[in-house]
Every structure is written in C-alpha cells, then in structure tokens.
Amino acid sequence: MKTMPPAVSFLFFLLSTSSFFSSVANAARKAVLDSEGKALRSGVQYYIVSTIQGAGGAALASRSVEKPCPKLVVLNGNQLGVRVLFYPDYNETTVYESTDVNIQFVPGADPDCKTSTTWKLDDYDPSSGRWWLTVGGL
C-alpha cells in the first residue's frame, strides 16, 4: 500500500480540519440580544437604554454656547434616548458578541453641525485608562 508524501498528507489535514474549526467557530458565536431576547439585526432601528431604571437612553451631549456641536455620546434623562442603527464590519445581518460593529444615531448626519453621527472611540484619558465615546466616525 502506497502512503501519501508528507506535504500532501499535511495539506489534506489542513483542508479537512479548517472546515471543521470554521464550523465550530461559527457555532460558538453568540448573537447580541435585544430586550425581547431577539438577535440584533443590521440596519434595524433600536434604542440604547441603561439597565438602571430611569437612568435614560443614549443621546448626544446637550448643545451649549461653548459647544454648539457636541461630540460626546451620553445617557440623557429621556428614557428612550435617540434611535440607533448597528452595522457589523462584515457582511452579516446579525450582530455578534466580540465583533467590530458601527453604531449610528438616526438620522445618520447632524444637519446643523454637518458631521457624521456614527460612534467612535476617541480622546483616550490616560489618568483613568478609558476612552470617550464620541460621534464623527466613518
């Protein structure tokens, strides 16, 4: 009986196990769930609210004379906040845990400030070791 050369058998091993590991990885992915227990869907409008009752929902910081075009994403007193859309960085219709995702306020642009309402991590604060959540992303 002939045996396969080592390079061919290694290639066969890689091809046969890569599909197995790929299917295991896909099965292990967990969808982000909304408040009704349904998977978060790309392009569907949602409200982001605090789990603490009465703490409010996600919105832009309030406008002021000093900051007519605020960039910070905050919790406001309105329980619902502002509607958002989720767009994964991959061609999926479901948003999964531990994956990159773009979050955008609806509407997608601020007409007064001419800026994107897509969220981004910005302005790292070394004293606290935290990032600020702002708008102006791509």
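The values are calculated or read from the model by the stated rules, or taken from the named source; none is laboratory data. Since the model is a prediction, treat every value here as computed from it, not as a measurement. Only protein heavy atoms, including side chains, enter the accessible area calculation; ligands, DNA and RNA are left aside. Shrake-Rupley method; radii C 1.70, N 1.55, O 1.52, S 1.80 Å.
Under the classification rounded if a/c is under 1.5, otherwise prolate if a/b is larger than b/c and oblate if not, where does the stretch 48-138 fall, given a ≥ b ≥ c as square roots of the Cα gyration tensor eigenvalues?
Values: a/c = 1.29, a/b = 1.26, b/c = 1.02.
Rounded is the answer for the stretch 48-138, as its axis ratio a/c remains below 1.5.
Compute the accessible area per residue over the stretch 71-136, keeping the other protein chains in place, probe 1.4 Å, unit Å².
Here the per-residue accessible area is 63 Å².
Shape call for the stretch 58-110 from the C-alpha gyration tensor, a ≥ b ≥ c root eigenvalues: rounded (a/c under 1.5), prolate (a/b greater than b/c) or oblate?
In terms of gyration-tensor shape, prolate.
Which ³J(HN,Hα) values, rounded to whole Hz and listed in residue order, are derived for the stretch 131-138 from phi using the Karplus coefficients 6.51, -1.76 and 1.60 in 6.51 cos²θ - 1.76 cosθ + 1.60 with θ = phi - 60°, glycine and proline given as x?
9, 8, 9, 10, 10, x, x, 8
Could you tell me which of the pairs Lys30/Lys67; Lys30/Lys120; Lys67/Lys120 are separated by over 29 angstrom between their Cα atoms in the structure shown?
Lys30/Lys67
What are the ³J(HN,Hα) couplings of the stretch 28-40, residue after residue, when phi is run through the Karplus curve with 6.51, -1.76, 1.60 and θ = phi - 60°? Round to Hz, x for glycine and proline.
Whole-Hz 3J(HN,Hα) from phi for the stretch 28-40: 7, 5, 10, 6, 6, 9, 7, 5, 9, x, 9, 5, 5.
Note down the accessible area of Lys120, probe 1.4 Å, to the nearest 10 Å².
70
Taking amide H atoms as placed 1.01 Å from N in the peptide plane, list the residues 5 or more away in sequence, or in a different chain, whose amide H sits under 5 Å from that of Thr94.
Ser42
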